[in-house]
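Engineer: Attaching a single structure in structure tokens format; questions to follow.
Just so it is clear, none of the values below were taken in a lab; they were calculated from the coordinates. Remember, predicted model here, so these are calculated numbers, not experimental data. Please note: Cβ atoms are built from the backbone with ideal geometry, for glycine as well, and neighbour counts cover all protein chains shown.
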Amino acid sequence: MLISDICKEERRATLNFIRLSPRSEVNILTGKLLGVPILLYLAAVLTVPLQLWSGLSAEIPLAKILIFWVIVVASCLLFYSAALVCSLISGGVGGFLPWLGSGAVFLFLMLMLSLTVNWTSVDEPSAWLRLFSPLDSIIYLFSSSEGYGEEWLYLRWYYLPVGASTVSLIGFTLLNYALWTYWIGQSLKRCFRNPNATILSKGQSYLLVACLELVILGFVLQEPRTFDSYDFQTNLTFLSILNLAVLLVLIALLSPQRQALQDWARYKQLKTRHQTLVQDLVWGEKSPAVVAIAINLAIATTPIVLWILLQSVNNIDKTRILFGVAFFASWILIYASIVQLMLMMKTPKRSLWAAGTIGSIICLPPIILEVLGIFPDENPTVWLFSTLPWLGLEHGVTPITVFIALLGEGIVLVLLNLRLTRQLQQAGKSATKALSEFKEQGVGNRQ
């Protein structure tokens, strides 16, 4: 309902009038959150007497029922705010977006429920994802089975026993909701008034990635009951997938479009020395996002590298894992460079072309190698040059071969950024020349 309402306002051009309102973004968006699903809220309120009667009849403490309501409200605030962000940046996806958003939330909740029903251990980073689902907290509060509660007793965050009691676990869950709702609120405030702005500034992206790594590493550094090489590989895989998803999203969010890059290139041609190029690339909102992605990549991988180096688990090859981190970093920077280059194209569907290209680069090479019968255990060297080099690293490639593969990816990265620099210089000169001719023509007309 929320996504559909915002999309209708966008199509009818009435949302621009709302943006001109003197009221604050928080006031307007809170009105949307409270007003659009009002019938749903009324239906929920009508169930309250039945919930109280059935809960008290089952001898469930009133405090747990109240906690249940608080968790549901907190989770709804998170998902509803995320829905508003999706609708504001939809870019005219149309009637498909409400179904897509609702389906994504439904699939996420069902996945978390399956993890809960299958008694998945909570002494791993995936427990962080389960904190976003109110189903876990509800089952924890109302389950008559003691085994489920005992499983959560082992949850640690930076060695703190947050799962030792109901108060600490529910409090930690609510803090997790509050933290990510705050970041969603920041993006709402930023993109509501200016729909052409990126959801996050580059500075905010650095803080967001640092915050994410700080939270997720707390689950990695806990003291589980047993921890072997398999658990280490599982945690590392989870961290890698999470960081890959976050960095790909940041590439999409931080990469400016063609017009913004042209304005920045023209400004760079005319500006004084008071602001350096490095400052522009690190903090400027219209500058290319490759440097910002590199900084976010460093923020994301540095704690993981330290964790790998300090890990005392036997039967793990730290050198091979560090090589894998290097490949991961090089591919992320290549993706960022390709996206920025494609956003410089003159075609109207640049974003779709960029997304399709990155998806093809990620998926097609492994598929082609599999179809051709080139498997990692037989030809690991070839897999080093694919988008899944980790499969090649697992089958005894020599360090020289790894260095050659990394050098090749480094050369590709340099060539891509040289091409991007050349295009930006040409765009800046063309825009500056056009502006100068326009000014000269204006002066001639006045004379």
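Engineer: Let me know the charge dipole size of the chain about its Cα centre in debye, to the nearest 20, where only the beta-carbon of Lys, Arg (+1) and Asp, Glu (-1) is charged.
Structural biologist: Values: 31 positive and 26 negative charges, 580 e Å.
Rounded to the nearest 20 debye, it is 2780 debye.
Engineer: Apply 1/(1 + (r/R0)^6) to the Cβ-Cβ distance of residue 368 and residue 183, taking R0 = 51 Å, and write down the FRET efficiency to the nearest 0.05.
Structural biologist: 0.85
Engineer: Give the residue from 343, 315, 331 lying farthest towards the positive end of the charge dipole for region 258-357; charges sit on Cβ (+1 for Lys and Arg, -1 for Asp and Glu) and the dipole is referred to the Cα centre.
Structural biologist: Of the options given, the answer is 343.
Engineer: Let me ask you something else. What's the FRET efficiency of residue 47 with residue 1 using the Cβ-Cβ distance as r and R₀ = 22 Å, to the nearest 0.05? Intermediate results must be reported in sequence, preceding the final value.
Structural biologist: Numbers: r = 18 Å, r/R0 = 0.84.
Using R0 = 22 Å, I get an efficiency of 0.75.
Engineer: In what order do 381, 173 fall by count of nearby beta-carbon atoms within 10 Å, going from fewest to most?
Structural biologist: Values: 381 15, 173 24.
Ordered from fewest to most neighbouring Cβ atoms within 10 Å, 381, 173 come out as 381, 173.
Engineer: Here is a follow-up. Just subtract the alpha-carbon distance of residue 400 and residue 99 from 0.36 nm times their residue separation and send over the number in nm, one decimal.
Structural biologist: Values: separation 301, 0.36 × 301 = 108.36 nm, distance 5.01 nm.
That works out to 103.4 nm of additional length.
Engineer: Whole-Hz Karplus ³J(HN,Hα) for region 376-393, in order, using 6.51 cos²θ - 1.76 cosθ + 1.60 and θ = phi - 60°, x for Gly and Pro?
Structural biologist: For region 376-393, the Karplus-derived couplings read x, 6, 9, 10, x, 4, 4, 5, 5, 9, 8, 7, 10, x, 5, 5, x, 5 Hz, x marking Gly and Pro.
Engineer: Continuing with this model, one more query. So if I place +1 on the C-beta of Lys and Arg and -1 on the C-beta of Asp and Glu, and nothing else carries charge, what would the dipole magnitude of region 1-197 be about its Cα centre? I want it in debye, nearest 20.
Structural biologist: For this selection, approximately 1020 debye.
Engineer: Pick from 286, 346, 189: which residue has the top mean-square fluctuation in a GNM of the chain where Cα pairs under 10 Å get a spring?
Structural biologist: In the Gaussian network model the winner is 346.
Engineer: A further question follows. Would you work out which of 143, 365, 283 lies farthest towards the positive end of the dipole of the chain, given +1 charges on the beta-carbon of Lys and Arg and -1 on that of Asp and Glu, about the Cα centre?
Structural biologist: Final value for the positive-end residue is 283.
Engineer: Among 317, 136, 231, which one shows the biggest mean-square fluctuation in a GNM of the chain, springs joining Cα atoms closer than 10 Å?
Structural biologist: 317
Engineer: Return the distance in nm (one decimal) between the two label points of a simple spin-label model at residue 194 and residue 258, each offset 7 Å from Cα along Cα→Cβ.
Structural biologist: 2.2 nm
Engineer: Report the relative contact order of the chain, percent, no decimals, based on alpha-carbon pairs under 8 angstrom and at least 6 residues apart.
Structural biologist: Details: 407 pairs, mean separation 59.4, N = 447.
Here the relative contact order equals 13 percent.
Engineer: May I ask you to derive the FRET efficiency for residue 298 and residue 233 from their Cβ-Cβ distance with R0 = 22 Å, giving the value to the nearest 0.05? Walk me through the intermediate numbers first.
Structural biologist: Numbers: r = 24 Å, r/R0 = 1.07.
After rounding, the FRET efficiency stands at 0.40.
Engineer: Still on this model: If I take every Cα pair under 8 Å that is 6 or more residues apart in region 207-447, average their sequence separation and divide by the length, what percent do I get for the relative contact order?
Structural biologist: Values: 191 pairs, mean separation 58.6, N = 241.
It comes to 24 percent, rounded to a whole number.
Engineer: Using the charge dipole of the chain (Lys, Arg: +1 at Cβ; Asp, Glu: -1 at Cβ; taken about the Cα centre), state which of 126, 85, 71 has its Cα farthest towards the positive end.
Structural biologist: Final value for the positive-end residue is 85.
Engineer: How large is the Rg to Rh ratio of region 1-197 when both quantities use alpha carbon positions and Rh follows Kirkwood?
Structural biologist: On the way: Rg = 19.0 Å, Rh = 18.7 Å.
We get a ratio of 1.02 for region 1-197.
Engineer: Name the residues of region 244-262 whose amide N is less than 19 Å from a point 7 angstrom out from the Cα of residue 429 along the C-beta direction?
Structural biologist: The answer is 261-262, whose backbone nitrogens lie closer than 19 Å to the label point.
Engineer: Can you work out the Karplus-derived ³J(HN,Hα) for every residue in region 241-248? Use 6.51 cos²θ - 1.76 cosθ + 1.60 with θ = phi - 60°, whole Hz, and x for glycine or proline.
Structural biologist: 5, 4, 5, 4, 5, 5, 5, 5
Engineer: Shifting gears a bit: Read phi for every residue in region 320-334 and hand back ³J(HN,Hα) as whole Hz from Karplus 6.51 cos²θ - 1.76 cosθ + 1.60, θ = phi - 60°, with x for Gly and Pro.
Structural biologist: Those phi angles translate into 4, 5, 5, 4, x, 5, 5, 4, 4, 5, 5, 5, 4, 5, 5 Hz.
Engineer: Beta carbons within 10 angstrom, averaged per residue: use that to sort the peptides 240-249, 126-135, 108-117, highest first. Spell out each step's value before the answer.
Structural biologist: Working: 240-249: 16.5, 126-135: 19.5, 108-117: 14.9.
Going from most to least packed, we get 126-135, 240-249, 108-117.
Engineer: Still on this structure, I have one more. Expected output is a single nm value to one decimal: the length gained when fully extending between residue 310 and residue 143, i.e. 0.36 nm times separation in residues minus the C-alpha distance. What is it? Before the final figure, lay out the partial values.
Structural biologist: Working: separation 167, 0.36 × 167 = 60.12 nm, distance 3.89 nm.
Taking residue 310 through residue 143 to full extension adds about 56.2 nm, to one decimal.
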